[in-house]
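Heads up, the thing below is written out as structure tokens.
Each value in this text was obtained by applying a stated rule to the coordinates, not by laboratory testing. Predicted model, so just to flag it, every value in this text is computed and none were measured. Ideal geometry is used to build each Cβ from the backbone, glycine not excepted, and the neighbour counts take in all protein chains shown.
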Amino acid sequence: MADRTNGTRSEHGISRRTLVKAGLGAIAAPAVLRVLPADAQSNVIKIGHVGPRTGPLAGFGEANAFIHEQVRGILSKGLSNGGKTWQVQIISKDSQSSGSRAAEVASELILSDKVNLVVADSTPDTTNPVADQCEVNEVPCITTNCPWQPYFFGRKGDPKKGFTWTYHFFWGLEDVIASFLALWDSAPTNKVVGGLFPNDADGNAWGDPKLGLPPALAKAGYKLHDPGRYQLMNNDFTSQITAFKNIKAEIVTGNMIPPDFATFWSQAAQQGFRPKIVTIGKALLFPSVIESLGARGDGLTSEIWWTPHHPFKSSLTGQSARELTDAYVKATNRPWTQPIGFQHALFEVAIDVLKRAKNLQDPKSILEAITTTKYNSIVGPVQWTGQPVKNVTKTPLVAGQWQRQANGKYDLVITTNKPAPEIPVGGKLKLLS
């Protein structure tokens with residue numbers, strides 16, 4: 001299994017042997033550097049991957065090294081298709097949390113590395129420029145870890161036409177709204193909400209007056225105050241905090257990168273703003289962010305994409321959600337994070353597509369295999385049926401709260417599953433003290 005990202009060490013310095021041994025869990029782990037059969041050496045398929053390993057979005061790509069090594073171990077003997085054994089190379093490039101850089105490295109993968117399939121993950125800053133490069137160059141592409149509206153409409157997609165070469169699986173803003181409302185409805189508040197939306201693809205989609213949170217919240221009886229877009233890496237949220245205090249907002253919501261939320265939450269404490277519920281997308285996904293906030297991380301809430309408690313299994317490794325997270329923790333000595341499931345599923349789906357493609361050397365054949373996908377992944381079923389739009393299929397979403405345990409560690413507790421009752425609830429919402 002060829003490795004074009006690193007040598008004997010992973011992207012985060014984890015030994016390849018450790019990753020494969022722990023990452024494959026109960027399944028047999030073939031040696032990563034095993035010599036391929038002679039017939040495989042002349043048949044090579046390349047998967048190009050783009051994700052953020054550095055910059056403010058690096059938390060989203062934290063598990064990529066682990067997932068890549070796991071997949072390389074599984075594919076070390078090659079991939080069978082059409083009576084042949086194919087060597088599969090994974091060529092991964094760092095977007096550096098930059099849209100322009102993501103486009104640049106996607107172009108390199110397509111034009112220089114000559115990849116057969118591109119996969120990408122983690123916010124529209126990565127998925128959109130990568131998908132755009134693939135659409136222009138007619139290269140099959142699968143993406144995830146980005147709400148579908150910023151992905152589709154952020155690329156000026158037309159629901160009547162869709163795109164040809166680029167496909168996406170994740171949840172949408174309607175699922176976020178349903179999860180947030182179920183969360184907020186479970187506790188008494190004045191239903192006055194302060195909105196924090198940055199001037200980026202996510203923020204503009206979440207705050208859109210027609211397609212975003214405002215109309216849905218109003219319909220549900222909540223009053224959303226949106227003070228306008230702020231610039232990323234903002235160092236002063238005084239105007240937003242003052243506005244929220246003036247309207248007596250008891251709920252704060254939005255979509256922020258971790259550094260911006262840390263700044264806002266620190267300044268809110270300094271300025272005496274104490275909402276009852278704070279529900280923020282993106283920033284509050286990661287335990288490292290919550291732990292960095294100390295005691296003020298306790299009780300913060302967020303949408304929940306995926307946890308060890310989700311009732312799905314990998315059709316690639318046979319691992320349950322719990323087994324995958326346990327393997328990750330053992331291999332890396334890091335806490336599990338929500339993107340792990342989707343990064344694993346991204347390669348699950350990609351490998352399934354390559355196994356089913358009738359002609360691996362024909363991009364249209366790989367594209368056809370994508371469009372006919374019907375796959376049960378570790379994040380749920382993946383099947384492009386034309387709903388909600390041609391190029392998107394949705395995965396389930398719930399919501400919950402970071403709750404500090406007796407040992408001082410934080411646990412992400414699912415407190416509402418109304419939008420996806422197949423995912424079990426683990427506790428009740430507690431208002432911020």
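The table that follows gives values for the structure above.
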| read-out | value |
| --- | --- |
| Equivalent ellipsoid dimensions for region 161-232 as semi-axes, Å, which come from the Cα gyration tensor, largest first | 25, 17, 10 |
| Once the Cα gyration tensor of region 338-396 is diagonalised, semi-axes √(5λ) in Å | 20, 15, 8 |
| Whole-number percent relative contact order across the chain, with pairs defined as alpha carbons under 8 Å at least 6 apart | 16 percent |
| Kirkwood-based shape ratio for region 313-372, expressed as Rg/Rh from alpha carbons | 1.13 |
| Region 323-406: relative contact order in percent, alpha carbon pairs under 8 Å with at least 6 residues between | 17 percent |
| Fewest-first ranking of 211, 429, using other Cβ atoms within 10 Å as the exposure measure | 211, 429 |
| Positive-end residue, region 111-213 charge dipole about Cα centroid, Cβ charges, pick of 194, 146, 126 | 194 |
| Charged-residue dipole, Cβ positions (Lys, Arg, Asp, Glu), the chain about Cα centre, Debye nearest 20 | 620 debye |
| Whole-percent pair-distance distribution, where bins are 5 Å wide, for the alpha carbons of region 277-346 | 3, 15, 24, 23, 17, 11, 5, 1 |
| For region 260-344: relative contact order, % (alpha-carbon pairs under 8 angstrom, 6 or more apart) | 23 percent |
| Under-5 Å amide H pairs with residue 89, H placed in peptide plane, nonlocal only | 45, 46, 47 |
| Nonlocal amide H pairs with residue 225, under 5 Å, H built at 1.01 Å | 193, 194, 195 |
| Highest-first arrangement of 125-131, 148-154, 82-88, 268-274, where packing means the average Cβ count within 10 Å | 125-131, 148-154, 82-88, 268-274 |
| With Cα atoms, 0 to 90° folded angle of helix 124-137 axis to the chain main axis | 40 degrees |
| Contour excess over end-to-end distance, with Cα ends at residue 108 and residue 372 and 0.36 nm allotted per residue | 92.2 nm |
| Three-way shape call for region 143-203 based on the alpha-carbon gyration tensor, with the a/c threshold at 1.5 | prolate |
| nm² value of the averaged projected area, convex hull over the Cα atoms of region 235-313 | 5.8 nm² |
| Rg/Rg_globular for region 104-260, with Rg_globular taken as 2.2 N^0.38 Å and Rg from C-alpha atoms | 1.20 |
| Cβ-placed point charges (K, R +1; D, E -1), dipole of region 243-374 about Cα centre in debye, nearest 20 | 140 debye |
| Amide H within-cut-off set for residue 256, under 5 Å, with H built and near neighbours excluded | 281, 283 |
| Angle in degrees between helix 99-111 and the longest Cα principal axis of the chain, rounded to the nearest 10 | 10 degrees |
| Alpha-carbon radius of gyration plus Dmax, which is the widest Cα pair, for region 216-347 in Å | 17.7, 53 |
| Over the chain: helical MRE at 222 nm, DSSP H runs n ≥ 4 each giving -39500 (n - 2.57), nearest 500 | -10000 deg cm²/dmol |
| Rg and Dmax [Cα atoms of region 116-175; Å; Rg one decimal, Dmax integer] | 10.5, 33 |
| Between 0 and 90°, nearest 10: helix 321-332 axis offset from the chain longest Cα axis | 80 degrees |
| Spread of Cα-to-Cα distances over 5 Å intervals beginning at zero, given as percent, for region 278-433 | 2, 9, 16, 18, 18, 14, 10, 7, 4, 2, 1, 0 |
